[in-house]
Amino acid sequence: IIFGIIMSFIMDRTYFGRYVFAIGGNEAAARLAGINVKKMKYAIGCVAGLFCGIGAVILTSRVGAAAASTAAGTEITVLTGVLVGGVSVRGGDGKIANCIAGVLIMGLLANGMQLAGLNTYFQYVAKGTIMLLVMWFDAFQIKRRAIAASKRKEA
């Protein structure tokens, strides 16, 4: 929760956050706006690595062991949760609080499917179906916004 609050502040109220959204929205435009894209990508990778390390330490402390197969399949749950939280597949859009909410929803769903005794295969199918539906909805929203913008320009 603390790291979520810190990153929410950084993404919403600092130049770093604005640059991340700019690069995610349109890398070429960000470069033309004067953002050092190569340096920012390096910094973004460092921050992502830091959070992966923190997550690995927390998971290892909860499980009590470290193995290469620990938490296999978690990435699809997290990715689907972030998409459910409103992050655009095409980049440049999203909020940390919504990502956390989406990941919590997917974690709740994964836990419920596990408690219901669903086979792991069917759990992956359900998560993948949710991911595809969210991606379709995101593409639909982008197309709808583009049509509305073109109508406004005509008027």
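The values are calculated or read from the model by the stated rules, or taken from the named source; none is laboratory data. No experiment lies behind these values; they were computed from the predicted model shown. Heads up, the Cβs are rebuilt from the backbone with ideal geometry, glycines too, and the neighbour counts pull from every protein chain shown. These accessible areas exclude ligands, DNA and RNA; they are computed on the full protein's heavy atoms, side chains included. Shrake-Rupley method; radii C 1.70, N 1.55, O 1.52, S 1.80 Å.
Taking the criterion of being modelled with pLDDT under 90 and surrounded by 15 or more Cβ atoms within 10 Å (Cβ to Cβ), the only residue of region 104-117 that qualifies is 110.
Under the condition of being open to solvent by less than 40 Å² (accessible area, probe 1.4 Å) and out of contact with any Ser or Thr (no Cβ under 7 Å at 6 or more places or on another chain), the residues counted in region 92-103 number 3.
If you go through region 35-61 and keep only what is exposed (fewer than 10 other Cβ atoms within 10 Å of the Cβ) and basic (Lys, Arg), you end up with just 38. Within region 141-155, the set of residues being open to solvent by less than 100 Å² (accessible area, probe 1.4 Å) and either farther than 20 Å from residue 91 by Cβ or modelled with pLDDT of 90 or more (or both) comprises 147, 148, 150. If you go through region 83-136 and keep only what is farther than 28 Å from residue 24 by Cα and among the aromatic types (Phe, Trp, Tyr), you end up with 121, 122.
Residue 89 satisfies every condition listed in (1) under 23 Å from residue 1 (Cα atoms); (2) open to solvent by 60 Å² or more (accessible area, probe 1.4 Å); (3) in a loop (DSSP other than H, G, I, E, B) except (1).
Selection of region 3-21 for residues being under 25 Å from residue 55 (Cα atoms), assigned to a helix (DSSP H, G or I) and of a type in the set (Ser, Thr, Tyr) yields 8, 19. Restricting region 8-21 to residues that are aliphatic (A, V, I, L, M) and free of Cβ contacts under 8 Å to residues at least 60 places away in the same chain, the residue that is surrounded by the most Cβ atoms within 10 Å (Cβ to Cβ) is 20. One residue stands out among those in region 73-86 that are free of Cβ contacts under 8 Å to residues at least 24 places away in the same chain and small (Gly, Ala, Ser): the one that is most open to solvent (accessible area, probe 1.4 Å), which is 86. Can you pull out every residue in region 22-34 that is open to solvent by 60 Å² or more (accessible area, probe 1.4 Å) and either aromatic (Phe, Trp, Tyr) or assigned to a helix (DSSP H, G or I) (or both)? Selection gives 27, 31, 32. Need pairs with beta-carbon distance below 8 Å; first residue within 15 Å of residue 21 (Cα to Cα) and within region 93-105, second assigned to a helix (DSSP H, G or I) and among the small types (Gly, Ala, Ser); sequence gap 6+ or separate chains. Matching pairs, first to second residue: 93/24; 93/25; 95/8; 96/4; 96/8; 99/81. Criterion applied to 118, 50, 133 was being outside any helix (DSSP H, G or I) and without any contact (Cβ under 8 Å) to a residue 12 or more places away in the chain, and the one residue passing it is 118.
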